[in-house]
Amino acid sequence: MSMIFERKLPIPMEVKEQYPVTAELEKVIEKRASEIKDIFTGKSDRLALIIGPCSADNEDSVIDYILRLRKVQEKVEDKILIIPRIYTNKPRTTGDGYKGMLHQPNPNEKPDMYKGIVAIRKLHLRALSETGFSCADEMLYPENYRYLSDLLAYVAIGARSVENQQHRLTSSGLDIPVGMKNPTSGDISVMMNSITAAQHKHTFIYRGWEVHSEGNPCAHAILRGYVNKHGQSLPNYHYEDLVHLAETYSQTDLVNPAVIIDTNHANSGKKYLEQTRIAKEVLHSCRHDADVKKLVKGFMIESYIEDGAQKIGECIYGKSITDPCLGWEKTEKLIYDMADLL
């Protein structure tokens with residue numbers, strides 16, 4: 001038998017009861033949710049900044065990083081709303097490698113899904129209670145979303161998941177903004193179809209239930225660059241790309257046209273230091289064209305305490321074990337520079 005059933009895992013309701021959200025924290029989540037939705041519906045002209053480690057690999061260093069973001073947020077809150085990245089699931093191109101805290105709460109130990117479920121909920125709860133931030137995560141596995149559904153502020157659908165029907169339909173039932181990345185091929189029609197599906201109502205099977213979704217009016221685009229047939233990374237954040245996306249939106253019946261610019265991945269060719277230049281170029285495009293400014297709602301930036309990346313087992317505090325990230329000093333300067341440009 002090629003699939004071995006280890007154990008039955010608790011359902012989300014059971015985990016939520018064990019690690020509940022207090023009434024006080026619920027108010028924090030609700031306030032944040034309202035502020036974030038106002039950005040994507042155009043009621044607020046602040047930018048959303050979804051920023052943090054490529055992967056949340058260590059609870060203490062992630063909280064350390066987010067506490068630093070809190071101090072910065074207080075200085076730029078009139079222009080930028082920070083949504084920390086706590087990415088607990090990591091897609092792997094070949095299937096091999098570190099799959100995130102959900103799989104391995106300790107990257108140096110073997111996978112343990114139950115410990116992982118508890119670890120990711122405790123991490124998001126700790127971030128909320130200690131920093132006042134409800135955070136973002138990637139919905140790599142739609143059926144696992146419910147373990148964090150009462151905590152998250154933002155969800156991203158990755159480039160390899162955006163064509164998947166279950167991701168699209170599940171997104172249509174969420175009441176927080178969901179960003180749909182363009183696929184690795186760069187075909188934005190795939191991304192636009194995904195946004196359309198997420199904004200519409202559906203009936204489908206989810207976690208053994210027949211469910212009905214109402215549609216998610218805050219489903220939107222994320223441009224992350226793409227890879228051509230030769231395997232070369234190419235960007236799609238330039239002015240012409242943004243104008244084209246604005247025109248594409250105008251030809252649809254989608255509500256709340258919006259895009260988040262992912263400054264890493266294929267947009268930077270995974271040259272993480274380029275993220276600073278990319279963010280500033282996009283802000284320049286926004287100043288040049290009112291339609292582009294209206295469309296661009298924010299940025300997604302990979303950042304941690306230390307510059308670059310390390311191999312699993314090196315144990316350098318606050319340094320990514322997946323994609324390389326901007327270190328803290330560069331991150332702090334970039335956020336202040338962005339605020340000055342707004």
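The values are calculated or read from the model by the stated rules, or taken from the named source; none is laboratory data. Please read all numbers here as calculations on a predicted model, not as lab measurements. No Cβ is skipped: glycine too gets one built from the backbone with ideal geometry, and neighbour counts run over all protein chains shown.
With respect to ILE335, is the statement that it is assigned to a helix (DSSP H, G or I) and either farther than 22 Å from VAL155 by Cβ or modelled with pLDDT of 95 or more (or both) true?
Yes, satisfied.
Suppose the filter is touching a residue at least 12 places away in the same chain (Cβ under 8 Å) and within 22 Å of ILE261 (Cα to Cα); does ILE63 pass it?
no
Going through segment 143-170 one residue at a time, which ones are crowded, with 20+ Cβ neighbours inside 10 Å, out of contact with any Lys or Arg (no Cβ under 7 Å at 6 or more places or on another chain), hydroxyl-bearing (Ser, Thr, Tyr) and under 18 Å from THR88 (Cα atoms)?
TYR145, TYR154, SER161 - these are the residues of segment 143-170 that are crowded, with 20+ Cβ neighbours inside 10 Å, out of contact with any Lys or Arg (no Cβ under 7 Å at 6 or more places or on another chain), hydroxyl-bearing (Ser, Thr, Tyr) and under 18 Å from THR88 (Cα atoms).
Just wondering, is there one or more residues in segment 310-321 that are out of contact with any helix residue (DSSP H, G or I) (no Cβ under 9 Å at 6 or more places or on another chain), in contact (Cβ under 8 Å) with a residue 60 or more places away in the chain and crowded, with 17+ Cβ neighbours inside 10 Å?
Within segment 310-321, one or more residues are out of contact with any helix residue (DSSP H, G or I) (no Cβ under 9 Å at 6 or more places or on another chain), in contact (Cβ under 8 Å) with a residue 60 or more places away in the chain and crowded, with 17+ Cβ neighbours inside 10 Å.
So, in segment 103-117, how many residues would count as being in a helix (DSSP H, G or I) and crowded, with 17+ Cβ neighbours inside 10 Å?
Looking only at that region, the number is 2.
Looking at segment 18-46, which of the residues that are of a type in the set (Ser, Thr, Tyr) and part of a loop (DSSP other than H, G, I, E, B) is surrounded by the fewest Cβ atoms within 10 Å (Cβ to Cβ)?
In this case the residue turns out to be THR22.
Considering only strands (runs of 3 or more DSSP E) fully contained in segment 189-249, which possess at least 1 residues that are free of Cβ contacts under 8 Å to residues at least 24 places away in the same chain and over 22 Å from the mean Cα position of the chain (by Cα)?
Ranges flagged: 202-206, 209-213.
Would you check which residues across segment 286-332 are within 22 Å of the chain's Cα centre (by Cα), assigned to a loop (DSSP other than H, G, I, E, B) and over 20 Å from MET101 (Cβ atoms) and list them?
Those that are within 22 Å of the chain's Cα centre (by Cα), assigned to a loop (DSSP other than H, G, I, E, B) and over 20 Å from MET101 (Cβ atoms): ASP307, GLY327.
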